[in-house]
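The values are calculated or read from the model by the stated rules, or taken from the named source; none is laboratory data. In this text the structure is predicted, and so the values were computed from the model without any measurement. Glycine gets a Cβ as well: all are built from the backbone with ideal geometry, and neighbour counts include every protein chain shown. Accessible surface is based on the protein model in full, side chains and every heavy atom, while ligands, DNA and RNA are left aside. Shrake-Rupley method; radii C 1.70, N 1.55, O 1.52, S 1.80 Å.
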Amino acid sequence: MPETAKVVAIIAATPALTALLGMVVAGDTRLKVRQFHSEAELFAYMRIAPVHALVVDFDREGRPAHEMVEAIRLDSGLVSQDVPVIALTRTITPPMRHQAISAGIDEVIIKPMSPRHLLQRIQARLRNRSVVGALGGYRGPDRRNRVPFPAPQPAPARRFTDNVVPLFPNKLRPEA
């Protein structure tokens with residue numbers, strides 16, 4: 001049974017950039033690309049059809065990208081509330097980084113970048129399916145609860161004349 005195509009929604013800063021990114025992403029025959037020129041179009045589509053990955057641009061006109069992603073995460077009327085999000089921007093500042101994390105944006109790519117790089121990142125997101133989820137539910141590398149590790153123990157004392165390093169010092173070994 002053939003795998004169904006994944007839908008990638010793109011809403012970039014300009015219609016030209018949206019079209020260029022859409023053309024490159026559509027080169028992967030396993031992906032269906034939906035291009036949007038406004039937030040209203042995107043939300044209308046997401047109410048009736050699933051989106052498997054979203055590419056949004058911080059540099060576009062209208063509501064900031066992080067606010068739009070927050071709205072997606074909080075809108076229970078959308079089919080794909082937990083869609084993985086890749087954001088594009090010319091520059092990233094510490095406040096923007098914090099806003100992206102708190103909004104649930106999975107990844108930020110600095111422009112200019114190769115459209116093929118974006119395609120590779122989309123493919124990786126779809127393959128790994130590491131989705132942010134609802135606000136506060138993300139457990140990515142910067143935000144997961146760290147597993148406590150035991151404190152390192154000092155190495156057992158060695159005699160100065162030993163030329164054998166024990167690989168398993170905790171195992172009992174017969175004394176000669």
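List of remarks:
- Global form of the stretch 1-76, assessed from the alpha-carbon gyration tensor, a/c cut-off 1.5: oblate
- Neighbours of Leu88 by Cβ distance under 12 Å: Lys/Arg scored +1, Asp/Glu scored -1, total +1.
- Using a probe of 1.4 Å on the protein chains alone, the accessible area found for Ile48 is around 140 Å².
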